[in-house]
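Contents: one structure, followed by commentary.
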Amino acid sequence: MTGEQKRRRGARIRYLLRQLPKTSDTTRNKELYRLFLLLAAAVVIDLAFPVSPAPEVTRFSPGEVATQDVIAPITFPVYKSEEELTRERNAASSAVEPVFDFRPEFTDSSIASAAAFFAVIDSAATSSEQEIERFRAVRAILEEGNIPAPEAGASVLVDDDARRVLQAAISEAFDDELRRGAASSGELGNVAARAVTVRSEDSEFRVARDSLSTLQQFYQDAGARAPASISSEARRLHSNLVIRFAQPTIRLNREATEVAQAQAQQSVETVKYEVLQGEIIVRAHERVGQEQVDRLTALEDQLVGERGDEDWSARFGGLLFNLLLLSVFGIVLKYYRPEIYASNGSVTLLWVLLLAVAGAAALISRAGWPPQLIPIAFAALVIATLYDGLFALLTVFVLVGLVVARPPIYLVVLFPTVMGGAAAALSGRVVRRRAYTWASAAVIALAYVLAAICLALITRQDAVWVLQSSFWGTLNAAGCTVLAAGIMPLAESFTKLTTEQSLLELADLNRPLLRRLSLEAPGTYAHSINVANLAEAAAREIGADSLLTRVGVYYHDIGKVKKPQFYVENQPRGRNPHDKMKPATSANIVREHVNDGLELAGEAGVPESVMAFIREHHGTQKIGFFWEKAKELDENGDLDEKDFRYPGPRPRSKETALVLIADSVESAARVLQDPTPESIEELVERIVEYKMTEGQLEEAPLTLKEVSVAKQQFVKVLTGMYHHRLDYPIQNRNAASPS
């Protein structure tokens, strides 16, 4: 094996090794960032929506004829109404036996109060020698104590003997009758129970309410015990003093009674009865009564209550739902859209769009606004324009799963949401120019209208409902289209992607920069058109972005407009300024067209994806003609090879790699003396082999099969461009020659 063969073999091995997956700290950080976005989206979306409500229960009004059987899905209690509970609790409270305390010590208090009164009377009755003065003093005490007594009664109190007899009679009545027990007539009269509980210091017993003695009975018994020797006026005074100083010795214990009443009220069962699982609640074709309505209400309350108790489980279920759906979406991205997954900008933009649509859906659902306002078309338009319709459609389905499975959004929302999103996804790439953006809005609006008509036919809605749904859907379509169009430049800048709409605008040959190229460097302009045809054909055949390739080629040599006369395609025959220049100077001028092109493209606002063609279309190739010329002029000189190489970098995409090959192939084919298919094929094979040997394709994601297909396309297009015309004998001078 010769040295050249070994070198070529090593280049091929390096090319294949470059395509093996690589891991690094940057890769791990990217994966962690994506995992964070996934978890954050799952949590935020779950918290944005309310917890799913309980299953809906069929409801009927009293007197209505049931249209279907309703069977209890679970065992549930039927509770008493508030009126029933109040009535039963009041009855239970009234039936409670009141608690009375027997307090005989209040007899001593009554005796002491009476003794204190008589002590004051004694003092007044002996305060003066004149009887009239003593009488007035006693009368004043009676009036002050609010004790009614006639004048004859007051005279009794002035008399010492009568007073002592009266005091002894009252004390004896208190000690004998009151000490046995007497209750307040008012307290005992308010008791509805037939029996009461009487508690003393050492015992507790239950007695009939009517068996308890009252103060009223005590007054009668005490009056009967009044001394027979005293006058009728003294008897009346005796009764008044007994009433004034007697205290009940059997007293209602309100606190204990209220506690017992509260316990009785709490013991009232709140459940009227229980309906078992599988039990019939309402029978079809029968009139619904109040009892069936109560059962349906109890079933609904039970289901809602169970859902409230399981709020945490519903939240966890929603979070798990989001994680699973977003994980599937992430896996699809990683393995089927690796170029999107690898871009932090693209992943972040998708995350923002998902949260924006889900957040808007949550707001709409909570506010009770028409569900047709969910801006799913906005996300679909942005994604379809930036990437492709199929990926946008996938995103639509993921968004539908995230937002439609949430309360209170139900099946009636699913169909129009899917239709509107799908229409936006599939129309986004069809509308190739921004001037036709409203065509996409019309397609989305039509999808909402058709969805409304279908649902109206299925659910038997009226024309007003169709018009309302169509109006909100059309409003959503217009709003989403305007919003997507407005945000698209920002999205392109953030993701470093260029949409077809932008590329088509850049492909306009009347743009100032391209028009300048055609006027100031016509040879370079023609070269660019030819290279565009070559590279676009190859890109289309291997599945690369053919439009980006063509636009990139239009701008790849734009830097030559600064010094067009230094490039052979723009030079008249026999006039080459490089003949009078040093090879190093010439090489520097030639390689500067890359930096000049980047400068001009940056000033013109050309996107990064197109500027990559300017930067990479020569890679780090050697400027061979001037390198060889420099070696001939100075064989022993110390030449720096870097001065004779393009700045690079080497191509990093399929599209720029194809342009690197096509640029050299087209230039070489133009100088072929005999451009036959065989010679063209040999030329293409030789140039591609050289590029690979030099390692110029090592950073491009081209496979060997794609390189082979590209070579075939180069040969095919070049053969058509440089085919020989056949010489036909002129048979008729007036006849037109074939072209």
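The values are calculated or read from the model by the stated rules, or taken from the named source; none is laboratory data. Just so it is clear, the structure is predicted and the values come from calculations on it, not from any experiment. Counting neighbours? That spans all protein chains shown, and the Cβs are built from the backbone with ideal geometry, glycine included. Heavy atoms of the whole protein, side chains included, go into the accessibility calculation; ligands, DNA and RNA do not. Shrake-Rupley method; radii C 1.70, N 1.55, O 1.52, S 1.80 Å.
Go through (1) under 53 Å from the mean Cα position of the chain (by Cα); (2) at pLDDT below 90 and name the single condition GLY597 misses.
Condition not satisfied by GLY597: (2).
Which residue pairs have Cβ atoms under 8 Å apart, sit 6 or more places apart or on different chains, and have a first residue in the stretch 473-489 that is closer than 20 Å to ALA447 by Cα and a second that is of a type in the set (D, E, K, R) and part of a helix (DSSP H, G or I)?
Note: pairs meeting the criteria are ALA485/ARG434.
So, restricting to helices (runs of 4 or more DSSP H) that lie completely within the stretch 595-692, which ones have at least 3 residues that are open to solvent by less than 30 Å² (accessible area, probe 1.4 Å), in contact (Cβ under 8 Å) with a residue 40 or more places away in the chain and within 22 Å of ALA538 (Cα to Cα)?
On the way: elements: 608-616, 624-633, 654-669.
Filter on the stretch 595-692 gives 608-616, 654-669.
Of the numbered conditions (1) without any contact (Cβ under 8 Å) to a residue 40 or more places away in the chain; (2) within 30 Å of PHE626 (Cα to Cα); (3) surrounded by fewer than 22 Cβ atoms within 10 Å (Cβ to Cβ), LEU467 fails exactly one; give the number of that condition.
All conditions pass for LEU467, except number (2).
Starting from the stretch 518-535, keep only residues that are in contact (Cβ under 8 Å) with a residue 60 or more places away in the chain, then list their pairs with residues that are aromatic (Phe, Trp, Tyr) and in a helix (DSSP H, G or I) whose Cβ atoms are within a distance under 8 Å, requiring at least 6 positions of separation or different chains.
Within 8 Å, the pairs are LEU534/PHE714.
Would you mind listing the helices (runs of 4 or more DSSP H) fully within the stretch 1-118 where at least 2 residues are modelled with pLDDT of 85 or more? Step through it out loud before you land on a result.
Working: elements: 3-18, 25-48, 82-94.
Hits in the stretch 1-118: 25-48, 82-94.
Go through the stretch 101-126 and give me each residue that's more than 20 Å from LEU241 (Cα to Cα) and open to solvent by less than 80 Å² (accessible area, probe 1.4 Å).
Correct list: ASP101, PHE102.
So, restricting to helices (runs of 4 or more DSSP H) that lie completely within the stretch 153-261, which ones have at least 3 residues that are open to solvent by less than 30 Å² (accessible area, probe 1.4 Å)? Step through it out loud before you land on a result.
Numbers: elements: 160-176, 185-189, 215-224, 232-245.
Qualifying helices (runs of 4 or more DSSP H): 160-176, 215-224, 232-245.
Against the conditions (1) under 30 Å from PHE415 (Cβ atoms); (2) at pLDDT 80 or above, where does THR499 fall short? Just the number, please.
Just one mismatch for THR499, condition (2).
Criterion first (open to solvent by less than 70 Å² (accessible area, probe 1.4 Å) and out of contact with any Asp or Glu (no Cβ under 7 Å at 6 or more places or on another chain)) does ALA66 satisfy it? Walk me through how you get there before you give the answer.
Working: open to solvent by less than 70 Å² (accessible area, probe 1.4 Å): yes; out of contact with any Asp or Glu (no Cβ under 7 Å at 6 or more places or on another chain): no.
In short, no.
How many residues are under 30 Å from PHE106 (Cβ atoms), of a type in the set (S, T, N, Q) and in contact with a helix residue (DSSP H, G or I) (Cβ under 7 Å, 6 or more places away or on another chain) if we restrict to the stretch 249-296? Walk me through it before giving the result.
Filtering the stretch 249-296 down to residues under 30 Å from PHE106 (Cβ atoms) leaves 249-264.
With the extra rule that they be of a type in the set (S, T, N, Q), the set shrinks to 249, 253, 257, 261, 263.
Adding the requirement that they be in contact with a helix residue (DSSP H, G or I) (Cβ under 7 Å, 6 or more places away or on another chain) leaves 249, 261.
Residues in the stretch 249-296 being under 30 Å from PHE106 (Cβ atoms), of a type in the set (S, T, N, Q) and in contact with a helix residue (DSSP H, G or I) (Cβ under 7 Å, 6 or more places away or on another chain): 2 in total.
Return the residues of the stretch 121-169 that are modelled with pLDDT of 80 or more and of a type in the set (D, E, K, R); say none if nothing qualifies.
ASP122, GLU133, ARG134, ARG136, ARG139, GLU143, GLU144, ASP159, ASP160, ASP161, ARG163, ARG164
Only one residue in THR549, THR495, THR499, THR524 is under 43 Å from the mean Cα position of the chain (by Cα) and under 30 Å from GLY720 (Cα atoms). Which one?
Every option except THR549 fails the conditions.
Only one of these conditions is not met by ALA535: (1) among the hydrophobic types (A, V, I, L, M, F, W, C); (2) over 22 Å from LEU517 (Cα atoms); (3) open to solvent by less than 20 Å² (accessible area, probe 1.4 Å). Which number is it?
Against the list (1) among the hydrophobic types (A, V, I, L, M, F, W, C); (2) over 22 Å from LEU517 (Cα atoms); (3) open to solvent by less than 20 Å² (accessible area, probe 1.4 Å), ALA535 comes up short only on (2).
So that you can scan it fast, the table gives a plain yes or no per residue for (1) at pLDDT below 90; (2) part of a helix (DSSP H, G or I); (3) in contact with a strand residue (DSSP E or B) (Cβ under 7 Å, 6 or more places away or on another chain); (4) within 18 Å of HIS593 (Cβ to Cβ):
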{"site": "LEU457", "(1), (2), (3), (4)": "yes, yes, no, no"}
{"site": "GLU492", "(1), (2), (3), (4)": "yes, yes, no, no"}
{"site": "LEU503", "(1), (2), (3), (4)": "yes, yes, no, no"}
{"site": "ASN510", "(1), (2), (3), (4)": "no, no, no, no"}
{"site": "TYR525", "(1), (2), (3), (4)": "no, yes, no, yes"}
{"site": "ILE529", "(1), (2), (3), (4)": "no, yes, no, yes"}
{"site": "ALA535", "(1), (2), (3), (4)": "no, yes, no, no"}
{"site": "VAL551", "(1), (2), (3), (4)": "no, yes, no, no"}
{"site": "GLN565", "(1), (2), (3), (4)": "yes, yes, no, yes"}
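Can you pull out the residues in the stretch 386-434 that are part of a loop (DSSP other than H, G, I, E, B) and modelled with pLDDT of 75 or more?
Within the stretch 386-434, TYR387, ASP388 meet the criteria.
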